[in-house]
1. Can you tell me which condition L375 does not meet? The list is (1) in a loop (DSSP other than H, G, I, E, B); (2) among the hydrophobic types (A, V, I, L, M, F, W, C); (3) assigned by TED's automatic domain parsing to the domain that holds T217, and all the others hold.
2. In segment 7-26, what residues are assigned to a loop (DSSP other than H, G, I, E, B) and among the polar types (S, T, N, Q)?
3. Please count how many residues of segment 163-178 are over 11 Å from the mean Cα position of the chain (by Cα) and either within 21 Å of F301 (Cβ to Cβ) or not hydrophobic (A, V, I, L, M, F, W, C) (or both).
4. So T397 ticks every box in (1) buried (at least 19 other Cβ atoms within 10 Å of the Cβ); (2) of a type in the set (S, T, Y); (3) over 22 Å from N340 (Cα atoms) but one. Which box is left unticked?
5. Just to be sure I understand, how many residues within segment 190-232 are modelled with pLDDT of 95 or more and of a type in the set (S, T, Y)?
6. Within the set of pairs 6 or more residues apart or between chains, which connect a residue that is among the basic types (K, R) inside segment 276-299 to a residue that is not in a helix (DSSP H, G or I) with Cβ atoms less than 7 Å apart?
7. Can you name the number of the only condition in (1) touching a Gly at 6+ places or on another chain (Cβ under 9 Å); (2) surrounded by fewer than 18 Cβ atoms within 10 Å (Cβ to Cβ); (3) not acidic (D, E) that Q228 fails?
8. Is it the case that some residue within segment 72-81 is surrounded by fewer than 23 Cβ atoms within 10 Å (Cβ to Cβ), of a type outside the set (S, T, Y) and touching a residue at least 60 places away in the same chain (Cβ under 8 Å)?
Amino acid sequence: MNKTIVRFYRGTHGMGICISVTYDKDRIIFDFGAPFTPLTQVYDGEVKPRKKNRVKDAILLKKTPMIEGVFSKKDLQDLDLLSYEDSDLNTAVMICHLHLDHMSEIDKIAPQIPVYIHSDGIKLQKLLYTVNKEKEYRNYTPFEYHVPFHVGQIKITPYYSDHPCPGSSGFLIETPDSRIYYSGDIRFHGTGNERAFEELDTLKEKDIDLLIVDATTTSPSEFIHGDQMDEILRNPSKDLIEGCISEKDIYDEICDSLIDFKGLGVFNQYERDTSMMKQIYDLENRLNRTVVFEPSMAYIFYHFTGIKTPIYWIDSIDIPEYQLKMKEEFEVVSVDEIRNHPEKYLLQNSYNNILSLTDFDGIKGKYFHLFGEPLVKGQKQWKIMENVLEKLNWQFTSFSNLYSFSHAYPNQLAYFIQQIDPKTVVAVHSKNPERLNPVNSTQVFPEENEDYLLSEGKLIKADQ
């Protein structure tokens, strides 16, 4: 008799993934993030979390998933939820990558529960603690691609995912009676797409019972070809759809725009997407411009690549200790040098330091928003960013929607599913999962917070 139980806590109709697989008393949970709702979330950067009540508050506000046996009794206080201490399950948590909708709530997990992250992801997490002055609440357990590990009777094997965040992974989950693959955030149009297709060649030999797949681009509002979605999804293909851009196309467009431009080039990218940092840095020779980072981004970049990029100093009241050390070890490019020779530089700028761009008032500029913060065009912060750039009279360029860029285009998503050929598919990370409609598998729409038995590739509600 099959014993594999799957439960979807969140992610079947939007962002913020959290799913569990249980076999007997062994349980793994992946991922552990909050829903991505920048326009309505309580934790907006201005509301201050309470220290003693941070876990209880986050659960009540539905930021942290409500899961039995995951939180310490002390943190739960009077919440009616089974604590870690009172649970008889052997639990571990897997994180596919360090974007917040997949891992923002891991600091709430009881410290006795192991949290597995790729070794590159742990490296990034430690760097983020330094640059963002966050307190490290826990240790993490590293994993590597293709190296299996066990949580009791459950075997987990991580696979590479073509995603800009370091250590991004999918997980092959094998219980004694079933095989499940969770894709994580996957795409095939990044600079690592060849490796991603090679991983797919391996996975399609695994006889997957259940595929839990990132289907972000099935949401029409999050994909530039939304009105053609159904046709695209019914025609699996490895090729880019006409009109879509690859990651390489973005760098080529930046080069074309700046190659003969005599003003300053500025880009804004996400600090967690370190692979993009390296690609931007590699534009130096093509553009004959020096790439200059803010100290915090240069710090992260150096620890991943060993390259000490030039930095420019941000007008700040409080300079962290790690930046004071950088001032002695890194080349510092002055504001005056950039003002006098703007055509020689490509400058990285974060939204929270956007006012530093007023140092270059009166100089021609081109600003490239490369999926950094703010992430969504409807946010108040996005309008503020546009307002500042308008005051500077700079050209502003943003590329395809964040979700389209960071997730598989629909035809390649369909190809991924076709090649794996699972018995059952569940779409996650999408507002419109019904549009996935895979050509060769049965799609199921599970209810959240319900147990499903996985038997011979079929998801069956446990109470039926």
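The values are calculated or read from the model by the stated rules, or taken from the named source; none is laboratory data. No experiment lies behind these values; they were computed from the predicted model shown. Positions of Cβ are generated from backbone atoms using ideal geometry, with glycine treated the same way; all protein chains shown enter the neighbour counts.
1. Condition (3) is where L375 drops out.
2. Narrowing segment 7-26 to residues assigned to a loop (DSSP other than H, G, I, E, B): 11-17, 24-25.
Result: T12, single match.
3. Looking only at that region, the number is 6.
4. (1)
5. 1
6. Every condition considered, the pairs that remain are R289/G265; R289/Y345; R289/L346.
7. (1)
8. No, that holds for no residue.
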